[in-house]
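Undergrad: My structure is below; once you've seen it, I'll send some questions.
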Amino acid sequence: MLSRAGDRLRDAIVVAAQAGAGMAVLLLHGHASGQGAELGGPLSPGLYAIPSFSVAEEFRSNVFGTARSPTSDFVTTFTPGLSLGYRSEPFTLLGSYALTSEVYADNPDLDSAVARQVASLGLRYSPDRRLSLRLDGTYTDTNNAGQFLLPFTPALGTPAPGAPSAGATAPATGGAGTTSGGTAGGIGAPITPAPGTPGGPSVIPAVSTQRIHASVISASTGASYALNVQTTLDANYTYTRVRESGTPDNAEHQGTLSASRVFTPQDTGRLTYKLAVFEGNSQQRGLTTNSGLIGWTHQFTPLLTASADIGPRFDSDGGVGLDASASLEYRFLEQASAALAYTHGEGLVVGRQGASIVDTVTASVSYVPLRDLVLSLVGSFSRTDSLGSSNTGTTTGGVATGSTGEGVISAPGASGTATPAVTTSNTGSTVETVYAIGLTASYRLTQTLSLRGYYQFSHNESSGPSGAPAVDNHVVGVALDWSYPFRIQWFE
């Protein structure tokens, strides 16, 4: 059996290497033909095609996501990707797609040519200096919902999941993540991924550890208008749908209106109204939440910035809560930075039916000791419970069912300030708690190729009437990441 698995693994590596080499030859030929590659620095205005390819070898300690007698295996992954986009001063459009194939050494039945797919579309348009418009869409499909629990391990130069492009708002995180507008965590790809960078599942909170099929789709649009130098108005709408095998779809519509004003060079205040409507769960269908928040951002020094938002939340079933978020960012060296964030809000979760509330704390550190070496560490904690004063929510990850609770959450690509919530009742509910750690070291070998080593850990436990044993998962991997920004010059 081991011999047959080894033969298949070797054949897969040979095929992937040939494909990668062929792609590289085509690109180099295109460059020699005068199409040109823009490397090392921001892309200049123009039309780009950015192919990428990543191959990784991983050790996974719990491939089936079980609490007892976990099964470990070595997994080889291949991730080709392609980004196409147009970049200019008033208008930018970027579309990306990546898929991941997996080959297991000891569990060939788990081999999959399409284990994960991630697609995204991002548009930015500024018709004048006062007005900016945006449109974002993402689609994620995976055959293992438990991967949403793992922290993100980016390739060199890749922003953390949810790191917004210009004008965008960070999305919610996966398993150990945050709410809309919060700091990202999970193994997901950014809503607008870095050009040519292969990604994992979308960023959205999760508690499921089962190896089941799950998909997440999100679409958001927004507009920002500067009334004057000090005052800006923002309007955003986000639709999110979560689909898991064997359970009804869950969906959320979220809209936000906000006004911000710069009072001093160091202080910015804002007022935000958020409306969220949930669909899918029969006991929560039509559940609506209304939140009003007041927020403030203060820059203590050029290196230290703090932000906080807080306000009441009113549910259509009579529940009352408090939405809140806070963040702290500090750059203590030219080569290092750190961030700490807390959120408390409502939204959808992979592994639970209906709306949930989640408390999340996320901390991250990034350090660049050498020009071509990047070290990053992220740790997070999340506590998830069902939303609604009389709701009986059901988890789909084999962890728990429950009703009523506290927590924090929001959907990927959600706009506006993070808005977690607290309910007034917490009787007889099951609560999931997730701890996650991610460590990444990435070294740039050439302008187009980098070597990446990473470690991921997640611990999922539940308490309450339907509590289940804790599930741990360790992943250790090494990867080669290749990408080649390629400018398309039609008239040359």
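Undergrad: Checking Asp372 against (1) surrounded by fewer than 24 Cβ atoms within 10 Å (Cβ to Cβ); (2) under 28 Å from Ser258 (Cβ atoms); (3) at pLDDT 50 or above: exactly one of these is not met. Which one?
TA: All conditions are met except number (2).
Undergrad: Looking at Thr272, Thr268, which is the one that is touching a His at 6+ places or on another chain (Cβ under 9 Å), within 18 Å of Ala306 (Cβ to Cβ) and surrounded by 15 or more Cβ atoms within 10 Å (Cβ to Cβ)?
TA: From the options Thr272, Thr268, the qualifying one is Thr268.
Undergrad: Go through the residues of segment 147-154 one by one and say whether even a single one is touching a Lys or Arg at 6+ places or on another chain (Cβ under 9 Å) and at pLDDT 95 or above.
TA: So far as segment 147-154 goes, no, none of its residues is touching a Lys or Arg at 6+ places or on another chain (Cβ under 9 Å) and at pLDDT 95 or above.
Undergrad: Can you tell me how many residues in segment 66-113 are touching a strand residue (DSSP E or B) at 6+ places or on another chain (Cβ under 6 Å) and in contact (Cβ under 8 Å) with a residue 24 or more places away in the chain?
TA: Number satisfying all stated conditions: 33.
Undergrad: Which of the residues spanning segment 237-268 are under 24 Å from Phe148 (Cα atoms) and not in a strand (DSSP E or B)?
TA: Matches in segment 237-268: Ser245, Gly246, Thr247, Pro248, Asp249.
Undergrad: While we're looking at this one, here's another question. Here are the criteria: (1) in contact (Cβ under 8 Å) with a residue 24 or more places away in the chain; (2) surrounded by 17 or more Cβ atoms within 10 Å (Cβ to Cβ). Tell me which single one Ser307 does not satisfy.
TA: (1)
Undergrad: Still on this model: Do any strands (runs of 3 or more DSSP E) entirely within segment 82-153 hold 2 or more residues that are within 27 Å of Phe381 (Cα to Cα), and if so, which?
TA: Ranges flagged: 112-125, 131-142.
Undergrad: Hey, can you tell me all the residues within segment 41-73 that are in a strand (DSSP E or B) and surrounded by fewer than 16 Cβ atoms within 10 Å (Cβ to Cβ)?
TA: Once the filter is applied, which keeps residues that are in a strand (DSSP E or B) and surrounded by fewer than 16 Cβ atoms within 10 Å (Cβ to Cβ), segment 41-73 yields Gly46, Leu47, Phe59.
Undergrad: Thr301 passes all but one of (1) free of Cβ contacts under 8 Å to residues at least 24 places away in the same chain; (2) among the hydroxyl-bearing types (Ser, Thr, Tyr); (3) crowded, with 18+ Cβ neighbours inside 10 Å; which number fails?
TA: Tallying (1) free of Cβ contacts under 8 Å to residues at least 24 places away in the same chain; (2) among the hydroxyl-bearing types (Ser, Thr, Tyr); (3) crowded, with 18+ Cβ neighbours inside 10 Å, Thr301 fails exactly one: (3).
Undergrad: Continuing with this model, one more query. Only one of (1) touching a Leu at 6+ places or on another chain (Cβ under 6 Å); (2) aliphatic (A, V, I, L, M); (3) at pLDDT 95 or above is not met by Ala341, so which one is it?
TA: The number of the failed condition is (1).
Undergrad: Against the condition under 26 Å from the mean Cα position of the chain (by Cα) and under 15 Å from Ser356 (Cα atoms), how does Glu329 come out, does it pass?
TA: It is false that Glu329 is under 26 Å from the mean Cα position of the chain (by Cα) and under 15 Å from Ser356 (Cα atoms).
Undergrad: Collect the residues in segment 232-264 that are touching a residue at least 12 places away in the same chain (Cβ under 8 Å) and of a type in the set (Val, Ile, Thr), keeping them in residue-number order.
TA: Thr232, Thr238, Thr240, Val242, Thr247, Thr256, Val262
Undergrad: Kindly indicate the residue of segment 242-272 that is among the β-branched types (Val, Ile, Thr) and under 15 Å from Gly351 (Cβ atoms) and also modelled with the lowest pLDDT among those meeting that condition.
TA: Residue satisfying both the conditions and the ranking: Thr247.
The values are calculated or read from the model by the stated rules, or taken from the named source; none is laboratory data. Please read these numbers as outputs of a predicted model, since none were measured by experiment. Neighbour counts are summed over all protein chains in view; Cβ atoms, including those assigned to glycine, are modelled from backbone coordinates with ideal geometry.
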